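Report on the structure given below.
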Amino acid sequence: MAKSVLKGSARVQAQLNRIGRELQGGWMKRLLSRVLRRTQALPHANIGFLEGAVYPDGTPLATVAYYNEFGTDRIPARPFMRQAIAKNQDQWPKLLAASLKATRGDLEKALDMTAERIVGQIQASIEKGTYEPDSPVTNLLKDRFPKREQSGMTPADVWQAMRDVRNGATAPAAKPLDWTGDLYQNVNKEVVSD
């Protein structure tokens with residue numbers, strides 16, 4: 001779902017496929033075919049909320065990240081991934097080039113180093129981004145169930161908070177995207193060789 005993928009060879013592969021189809025044969029077609037096979041085997045980095053990352057109740061973190069990123073009928077969009085990408089994507093080629101130099105051309109290690117920096121950029125967006133405020137009910141629940149104690153919250157607690165807010169109860173405004181810390185802590189990366 002909410003996963004950002006860095007695949008540097010996709011555009012090159014598409015262009016090579018197009019050129020290969022245009023050529024009738026001969027040495028150029030064989031050369032392009034060989035280059036295309038090699039680019040398809042390049043490693044790539046998956047960055048975001050990876051498969052297997054779940055809350056204690058089994059809810060995938062990617063699902064919660066998706067709901068926060070794009071919003072729902074009850075949750076405003078808080079586009080931390082898109083903000084991180086927009087703010088930082090121009091740096092990524094330079095980061096990868098520096099990582100390739102530092103690793104003496106080891107693409108997998110360079111992708112891992114670059115992906116680690118991108119993870120930090122996404123975490124900074126979660127931590128420092130400016131987003132729509134939480135609802136009064138969410139603020140009240142965050143006040144009643146501080147960090148790391150959310151797992152003890154029941155649906156009855158949510159209903160009670162809704163009733164309390166209707167009756168005038170308030171709580172200090174809390175920072176959006178930051179309750180249990182799980183979203184921040186579970187931004188991750190993996191380098192995959194297909």
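The values are calculated or read from the model by the stated rules, or taken from the named source; none is laboratory data. For clarity, every value in this text was computed on a predicted model and none was experimentally measured. Positions of Cβ are generated from backbone atoms using ideal geometry, with glycine treated the same way; all protein chains shown enter the neighbour counts.
Pairs under 7 Å by beta carbon, first residue part of a strand (DSSP E or B) in the stretch 180-194, partner of a type in the set (S, T, N, Q), six or more apart or different chains?
Close Cβ pairs satisfying both conditions: 189/46; 190/46; 192/46.
Which condition number does residue 142 fail, the rest of (1) out of contact with any helix residue (DSSP H, G or I) (no Cβ under 8 Å at 6 or more places or on another chain); (2) charged (D, E, K, R); (3) surrounded by 13 or more Cβ atoms within 10 Å (Cβ to Cβ); (4) within 30 Å of residue 46 (Cβ to Cβ) being met?
Residue 142 satisfies every listed condition except (4).
Mind listing whichever residues of the stretch 53-86 are aliphatic (A, V, I, L, M) and part of a loop (DSSP other than H, G, I, E, B)?
53, 75, 77
So the check is Cβ under 7 Å with 6+ separation or different chains; which pairs have a first residue in the stretch 133-146 that's among the aliphatic types (A, V, I, L, M) and a second one that's surrounded by 20 or more Cβ atoms within 10 Å (Cβ to Cβ)?
137/161; 140/161; 141/161
Please give the number of the condition residue 118 fails out of (1) over 23 Å from residue 54 (Cβ atoms); (2) under 22 Å from the mean Cα position of the chain (by Cα); (3) among the hydrophobic types (A, V, I, L, M, F, W, C).
It fails just one condition, (1).
I need a count of the residues in the stretch 58-93 that are within 18 Å of residue 124 (Cβ to Cβ) and loosely packed, with under 15 Cβ neighbours inside 10 Å.
Matching residues across the stretch 58-93 total 6.
In the stretch 145-163, what residues are crowded, with 17+ Cβ neighbours inside 10 Å and at pLDDT 90 or above?
161
Considering the stretch 119-139 alone, what residues qualify as being part of a helix (DSSP H, G or I) and either in contact with a helix residue (DSSP H, G or I) (Cβ under 7 Å, 6 or more places away or on another chain) or not hydrophobic (A, V, I, L, M, F, W, C) (or both)?
Matches in the stretch 119-139: 120, 121, 122, 123, 125, 126, 127, 128, 136, 137, 138, 139.
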